[in-house]
Structures are given as C-alpha cells and as structure tokens.
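This report concerns only the one structure given below.
The values are calculated or read from the model by the stated rules, or taken from the named source; none is laboratory data. Only a predicted model underlies this, so the values are computations on that prediction, with no experimental measurement involved. Positions of Cβ are generated from backbone atoms using ideal geometry, with glycine treated the same way; all protein chains shown enter the neighbour counts.
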There are 2 protein chains.
Amino acid sequence: MSGIFVGIDLGGTNIKIGLFDSELKLVCKTSVATEADMGPDVVIDNMVQTVEKLVVDEGFALSDIIAIGIGTPGPAKYSEGIIIRSTNMPKFKNVPICKMLNEKLGTPVVFDNDANVACWGEYAVGAGKGVKDIVFFTLGTGIGGGIISNGELVHGCAENAAELGHTIIYPDGRKCNCGQRGCVEAYASADSTARRAREAVEAGAESSLKEVLDEKSTITSKDVYEHLAADDNLAKEITDGTAKALAITCINMLHTTEPKRIVFAGGMIAAGNVLLDRIRDYFDEHIWSIKKESVEIVFATLGEDAGIIGAAALARHAEQQGKLK
Amino acid sequence: MSGIFVGIDLGGTNIKIGLFDSELKLVCKTSVATEADMGPDVVIDNMVQTVEKLVVDEGFALSDIIAIGIGTPGPAKYSEGIIIRSTNMPKFKNVPICKMLNEKLGTPVVFDNDANVACWGEYAVGAGKGVKDIVFFTLGTGIGGGIISNGELVHGCAENAAELGHTIIYPDGRKCNCGQRGCVEAYASADSTARRAREAVEAGAESSLKEVLDEKSTITSKDVYEHLAADDNLAKEITDGTAKALAITCINMLHTTEPKRIVFAGGMIAAGNVLLDRIRDYFDEHIWSIKKESVEIVFATLGEDAGIIGAAALARHAEQQGKLK
C-alpha cells in the first residue's frame, strides 16, 4: 500500500471529504455539517473526526495519509495556511487552518482557494487532463477562475490571481457586485444571466419568461435555459449575451496565458451544448483568424466532486514536487 | 574572472550585441548591419564575427562565454531554437538559429521573442526589479507584451502567450491589424493613437493638429504629445482614449496573473508623465476599490538596450536554473 491522500472541500454549510489512493482514485467520500456558527475549533474538530473515521472505516491508519489538501473560498494567505476571513463562516478570522489540522492529524496540509482547487482537479484528472496550460471558469452566483501555466497554478503577487470574473469586457458597462463596471461577471454569471432576463421582461420584452416572473416574482438562469430549449426569443437573446461575454473573455485569455484548453464549470453548464456551442460560435466570430483552431473550449467533467478531487490532487502534486511541509 | 554573457538583439536592419559580466553589467556593446536580404548564413556570420571581435577586443576568449541570449520578433519555435519566418527578414524560413550559432561559437544559446526578452531585461535589472510578478507592454507600432509569473516568463501552450495588444477591450470596436475588433492595440499603440487623431481632424475636430496634417499629410503620436503639451483639446482627448484603453488592460491583467508591477516601454513612453498619470487616473477610476493600491504602474528604464540586456539576462537565468543546453 503506497499511502492515501485526503481531499477536503470546506464550505459554509457542509464539509465534503474524500480519501484517494496514490493514483487519485476515490476510495470513499462523505459529507458532514460545517457548523460554522460554532467557530473554528468546532469546524476543525468536525473535519478531524470525519477524516479519522473514514480512514479507520476503510482499514487504514492515520499514518497512511501522505498529505491532506483543502480548499475554501478566500480571502486567505494560502501559502501560510491562514483563512483571513470568510463570508460563509463569519467566526473565521485569521484562522491558521493548516497548522491546526496538522497538529491534530500529524500530516502535511496543502491549502488553496476553492476555484484553484477545482481547476487543479479538472487539470489532474478531468476535462483539463493531458495539457499543461488551461484556463478554468466557474459559472455560478459569480464567476470564479483558475489558471494553470506550464503545469503550475498561477497565484499572483498576493495570491489573488485569476479573478477572471472581474476582467472588464465592456468599459462603462453594467455595474458589477465588485463596484467595477463591465466585468464579465456582470453579464455571464448565473445571477447576471437571470438578472438580464428579468430586466428585459420588466422593460416589456415579449417572452414566455414573463409568466415565470409573474408567478415566482423572479427568474433564474435555469428558467432562461428551459425557455431557450422551448425556443423563446428573449431567452435566446439573453443566452447570446452570456455566450458572447464568455467568448470575448476566452479570446483575452488566449492572448494572455495562451491555454490549450478552456474549461467551464459551475451550475450554469447544466444549460448544456446550446450554451457551449454559442460560446464557440462567438469565439470563432471574434478571434484573430489564424488562432481559430488553437484552443479547445469544453465543459468540466468532475461535477460536485471537483473540490475533493482537486484538493487531493494538489496534495499529491505538492508531494511529487517535494514541497510538503 | 567568472565568465561573460552575450546578449543579441536581432532586428531586420541592425544587430545589436552586448557583452555582460556575471552581474549583468555591460562590458561593451556594438551594432552591425543585419544584411537580412543576404539570407540567414550571412546574417549569422555577421553575428558570429561581431561576437568574436568584441570578445577578443575586450581581452576575453570565446571559452569565457557562459551563454548567449538572443531575441527576435516571431513567429518562432523558441524552445527549439528555430525562426519559422520573419516579417523583417523574408529569407528566414525555419532557420535553426540556435544550432547555427552554437556550432560556430561553441556556446549554449538561449532564444526568445523580442518582447519577452525586453520584459525579462526590465525584470532582471530595470523597472521590474525586486518583484516576482510583472506585466510588460511595449507601445510601438503595435503593442507587444510579456508576463512574468512567480519569477518565470509565461510562454503558453504554443509559445505565443502575452500577445497583450490583442486582448479585446471594446467588443465590436475599432478594427485591428490582426482582423479582430476592439483590441487595445487598435486604440493605444503609437500608430492607433496617431490614426485616431488624424481621423478626428479629418472629421472636422478643431485642433492645432490640423496644421500638422495639412503640412505633412500625416500625424504621428509624437505630434499628439507635443500638441498635448501645448494644451490642445483634441490631443488631450486622444491621449485620454489611449490612457483609458491601457488602464482597462492593466485592470484585466491585475485580475489575471496579478502582477505587483506593470511596466510600459516603447517609443510612446517618450510622452512622459502626462501619459503615465492619465493611465493611473483611469486605473483608479475603473478598478475595484479594494485593489486600488495593489499594483505599481511605471515606465521602463532600460531604453534601447533592453534587448541586449534582456537577452544576456535570460542566458544567465538559464544557466542559474541549470537549463543550458
């Protein structure tokens, strides 16, 4: 037996934990309540006890763990292993999570933000496998990002690189939650897609989405894609706006770190090929013609396990690089 | 004596060559005609003979050369040492320049494109010194770029990364030479700055630049900055357009590879602080407020020697990394 890796996806509501063998094959996984309102000590105890139980249940010892990987949303000093604060876990302030886990479990801990971790998961065993340069987007409430260049995550000077949702595609355009104007997130996140649809209906656009708004007082991105499938014109127009914004961002990334593959993840990829095809169409329409064939634009394949797989994969990578501490 | 490095800046008209000590201090430099129309063999002989003469004149032997660095415009397979073709040297087709130089001079040769080389020069000993993450722009006829992330150049999957002039800031905007619409190069290069001024004058804008156009039948970016200094309103408006385009691109780079410093080089920085200040103003106006202080925006300091310094510095870096071959 060559040892195991543990991947932890620490969210505000649940902690997902997976054990992986040295080839990153899932041995077992589970999920427990975070109990964020109880504070860091309880949250970390929940993690520790769950890891211990999983390990023992599967016939391993704690000493079989080569390393633990963990991902959370920031802001954090990832390289120092410290969560600075957390929107979903308000009691977390400057929590040295790596040190605390290490003291209780006796194994090295590798830490990164949730988008980087998911990006690394896709890179290691998912849709990004087999190339050394990828760009990764999560299309959820906001738009998160990750960049792998020459086989390594790009972290940036203050570990805040790849905030790709806040790259600007329409200067002086729509206001984003961050305060900037014209961010791709203000057009193409699940929330912004839904908001643009609602605004259009409220402004009098003809659409079957009007009934949705009348009935539920809101429109979700899922509604948009369902009505798109039913050939609603407004839903098509809104989806086109989302796809174009993402395509321009893909072009900009191609001219920046030059990925071989661009991977989209997050709730909104449930829209399926109709979205992916439109992104590719706009990409082909707007890209420098000699670069048309140069990048593959694909959907992520790991789904909800990307967080635990990516965390375990990052732990394995650190071990392979001799960077465990 | 701990050996010397040679930096070569291969242009279509001239070849600049510098000898540097192991601390990258310039020992001596010279420039010879490229004679590009004579074909690769002659061009390479010109380089070889000039290097040999410089070395001997300074009292060194060829065996004192630790490595040679060379930069040219692409397209090239840099890692394989091959110039695929060259706009300025039409007879260059798939020329194995590194191999040819190595065979004649007996020393390892390191090769990269001119923008990356200049970027590395600024990073090693110029305006980018002291940080590990920079983004570099050359504002000339076009806009070139370089990215250093965690102390290494970002090359991308096909060695065409950092074509930053072709990132799009105004989708469906001005047509760029590359065929795309809305590239930053279509607004903010020296040529585009001049062209926007000329178009405005031709369209009837009131400006002291009208006399320039009447007299010379053209307007250069230098004219724009001279008339800006003389308080011409159109020159101010055109400069603002250039500065805003560059500021948006800076914001996008901050959210991508998160540089600590952004360095502008090229002919247009002769415009001076009036341009730099406007870039910073627009940056502050458009950036997410929490990131306002996070990046330094500066002008390059190496001037015309950036090419030879950068090439020598890349050679030294390859040696320090044990990557000479």
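Annotations
- Residue match in the stretch B:215-231 (condition: under 30 Å from A:M253 (Cα atoms) and not in a helix (DSSP H, G or I)): no
- One residue from A:V110, A:V117, A:V201, A:V135 being assigned to a strand (DSSP E or B), more than 12 Å from chain B (Cβ to nearest Cβ) and at pLDDT 95 or above: A:V110
- Scanning the stretch A:161-185 for residues that are polar (S, T, N, Q) and at pLDDT below 95 gives a single hit, A:N177.
- For the stretch B:157-179, a residue qualifies if it is surrounded by 24 or more Cβ atoms within 10 Å (Cβ to Cβ) and either more than 9 Å from every other protein chain (Cβ to nearest Cβ) or over 21 Å from B:M268 (Cβ atoms) (or both), and exactly one does: B:A161.
- Sole residue being closer than 27 Å to B:I148 by Cβ and assigned to a helix (DSSP H, G or I), chosen from A:I238, A:I269, A:I279, A:I290: A:I290
- Residues that are within 20 Å of A:C178 (Cα to Cα) and touching a strand residue (DSSP E or B) at 6+ places or on another chain (Cβ under 9 Å) were ranked within the stretch A:138-154; the one that is nearest to the other protein chains (Cβ to nearest Cβ) is A:G145.
- The set of residues in the stretch A:94-107 that are in a loop (DSSP other than H, G, I, E, B) and on the phi > 0 side of the Ramachandran plot contains only A:G106.
- Some residue of the stretch B:308-320 being surrounded by fewer than 24 Cβ atoms within 10 Å (Cβ to Cβ) and at pLDDT below 95: no
- Hey, A:T218 under 26 Å from the mean Cα position of the chain (by Cα), farther than 22 Å from B:I262 by Cβ and surrounded by fewer than 16 Cβ atoms within 10 Å (Cβ to Cβ) or not: yes
- For the stretch A:195-215, the tally of residues that are surrounded by fewer than 21 Cβ atoms within 10 Å (Cβ to Cβ) and under 25 Å from the mean Cα position of the chain (by Cα) stands at 1.
- Checked against (1) among the aromatic types (F, W, Y); (2) surrounded by fewer than 23 Cβ atoms within 10 Å (Cβ to Cβ); (3) in a strand (DSSP E or B), A:F60 passes all but condition (3).
- Residue within the stretch A:279-298 that is loosely packed, with under 15 Cβ neighbours inside 10 Å and touching a residue at least 40 places away in the same chain (Cβ under 8 Å) present: no
- Taking the criterion of being in a helix (DSSP H, G or I) and buried (at least 23 other Cβ atoms within 10 Å of the Cβ), the residues of the stretch A:120-132 that qualify are A:W120, A:G121, A:E122, A:Y123.
- Residue in the stretch B:65-73 that is modelled with pLDDT under 95 and outside any helix (DSSP H, G or I) present: yes
- Within the stretch B:294-310, the residues that satisfy the criterion of being within 14 Å of another protein chain (Cβ to nearest Cβ) and not in a strand (DSSP E or B) are B:S294, B:V295.
- With respect to the conditions (1) at the interface with chain A (Cβ under 8 Å from one of its Cβ atoms); (2) in contact (Cβ under 8 Å) with a residue 24 or more places away in the chain; (3) touching a His at 6+ places or on another chain (Cβ under 7 Å), B:E185 lacks only one, and its number is (1).
- Candidate set: the stretch A:248-266, residues that are more than 7 Å from chain B (Cβ to nearest Cβ) and not small (G, A, S); chosen: the one farthest from the chain's Cα centre (by Cα): A:L254
- Every residue from the stretch A:224-237 that is touching a residue at least 24 places away in the same chain (Cβ under 8 Å) and more than 23 Å from the chain's Cα centre (by Cα): A:L228, A:A229, A:D232, A:N233, A:L234, A:A235, A:E237
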